[in-house]
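This report refers to the structure that appears directly beneath it.
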Amino acid sequence: MSQIDEFFLIEKYFKNIGSKFLSKKNFILGSGDDSAVFKSTNNLCYSVDQNYEGIHFPKSLPPEFIATRSVLRSFSDISAMGARPLWFSVALACDLDEKFINDFSRGLNKVSNLLRVPLIGGDLIKTSQKSVTVSVSGETKKNSHLSRSGAKHNQNIYLTGELGLARKGLEEIKENCNKNIYRKKNVKRFIFPKLRLEISNSISQFASSCIDVSDGFIADLEKILIPSNQGAVINLDKIPRIDKSSLEDFTFGDDLELIFTADKKYHKKITKLSDNSGINISLLGQTKKNSRIKYLLNNDEVLFPRKKGWNHGKK
Ligand code: ADP
Ligand code: MG
């Protein structure tokens, strides 16, 4: 039986539509990466993501935070390209209750002020199931965008921040309707994810690939290594994570931290970037061509099924 999952469906039915027109229309990258890239004086990146009640955010999430989570989640793809945010547009489906829209717009305002970007348009329809579709754009200097497929043999593999905070935060939101939980660190990481723009914009000068962790660390690392034709040895002990008693922090997405690869000669620069920004950047291992991906934990090899992580369509 064929495998019907998100990646399979995109690959088979959507990814190559019109790909022969890409370069003629000034695209450097089309579908398949964190965002598409247009050629310009500066290059322009574009990405869109949908957010559904009950799938991407719990029913109990206040409208302000539905907005902040949804828009920041989209801009995370712009950060993963090493780009600077330019604009966003928002298509909202909801019951058109004015209080909901008022609170939702407060969230949009917060992100707009934080990233200093305008809301350039959108759409509004009435439905019973809420959904938010956010288009975002960003710019990079000519040819300095970070794609998923650029990793080379014997390069260092890095991860920003810590894994598991957003997962814990989401659990806390689902368990507890008390308003005060929105001040807690884990919950904040879910409703107001950090985009690591300072780091991604700096490394765009020299890193060879980058992705944001949205489907799970293992699944997203493989989205760099497989298109780059690289294997790797990954020391999982080096990853700061919340729950040391399970492997869930490695396979659950939503943290929106960045995984990136760079030549070893840049290690000092990266350490300095981490010191200056106060953001942890962990060295996890190295890429190896003609080899598989080997995960080590407490000196033992851990086997993860391929594409372990969030995948729409997979049970
Ligand atoms: P991310 O998690 O970074 O938002 P996705 O997993 O949603 O990325 O998508 C992976 C890639 O597949 C992206 O480049 C996206 O543009 C592309 N893609 C997803 N759905 C479609 C579609 N319906 N048509 C064309 N490309 C698609
Ligand atoms: Mg992404």
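The values are calculated or read from the model by the stated rules, or taken from the named source; none is laboratory data. Computed from a predicted structure; not experimentally measured. We place every Cβ from the backbone using ideal geometry, glycine too, and count neighbours over all the protein chains shown. SASA here: full protein model, heavy atoms, side chains in, ligands and nucleic acids out. Shrake-Rupley method; radii C 1.70, N 1.55, O 1.52, S 1.80 Å.
Remarks
- Qualifying residue in the range 55-64 (condition: touching a Cys at 6+ places or on another chain (Cβ under 8 Å), part of a loop (DSSP other than H, G, I, E, B) and away from ligand 2 (no atom under 16 Å from the Cβ)): yes
- In the range 49-73, the qualifying residues are those that are out of contact with any helix residue (DSSP H, G or I) (no Cβ under 7 Å at 6 or more places or on another chain), within 16 Å of ligand 1 (Cβ to nearest atom) and within 22 Å of residue 105 (Cβ to Cβ), and the one that is least open to solvent (accessible area, probe 1.4 Å) is 70.
- Picking from residues in the range 1-27 that are within 13 Å of ligand 1 (Cβ to nearest atom) and β-branched (Val, Ile, Thr), the one that is surrounded by the most Cβ atoms within 10 Å (Cβ to Cβ) is 10.
- Residue within the range 19-31 that is over 15 Å from the mean Cα position of the chain (by Cα), closer than 25 Å to residue 202 by Cβ and either more than 16 Å from ligand 2 (Cβ to nearest atom) or part of a loop (DSSP other than H, G, I, E, B) (or both) present: yes
- Among the candidates 194, 142, 152, 130, residue that is farther than 30 Å from residue 41 by Cβ and open to solvent by 20 Å² or more (accessible area, probe 1.4 Å): 130
- Contact map, the range 108-120: first residue touching a residue at least 24 places away in the same chain (Cβ under 8 Å), second residue open to solvent by 90 Å² or more (accessible area, probe 1.4 Å), Cβ cut-off under 6 Å, separation 6 or more or different chains; the map is empty.
- Cβ-Cβ under 6 Å pairs, at least 6 apart or on other chains, the range 63-79 side farther than 13 Å from residue 90 by Cα, far side away from ligand 1 (no atom under 12 Å from the Cβ) and open to solvent by less than 10 Å² (accessible area, probe 1.4 Å): 63/104; 64/107; 65/191; 78/138; 79/200
- Yes/no for residue 79 being among the hydroxyl-bearing types (Ser, Thr, Tyr), part of a strand (DSSP E or B) and either open to solvent by 10 Å² or more (accessible area, probe 1.4 Å) or closer than 28 Å to residue 217 by Cβ (or both): no
- Checked across the range 202-222, the condition of being in a helix (DSSP H, G or I), open to solvent by 20 Å² or more (accessible area, probe 1.4 Å) and of a type outside the set (Ser, Thr, Tyr) holds for no residue.
- Scanning the range 229-262 for residues that are open to solvent by 10 Å² or more (accessible area, probe 1.4 Å) and either under 18 Å from residue 7 (Cα atoms) or assigned to a loop (DSSP other than H, G, I, E, B) (or both) yields 229, 230, 240, 242, 243, 244, 245, 246, 247, 251, 252, 254.
- Unique residue being within 16 Å of residue 70 (Cα to Cα), open to solvent by less than 10 Å² (accessible area, probe 1.4 Å) and of a type in the set (S, T, N, Q) when the list is 137, 89: 137
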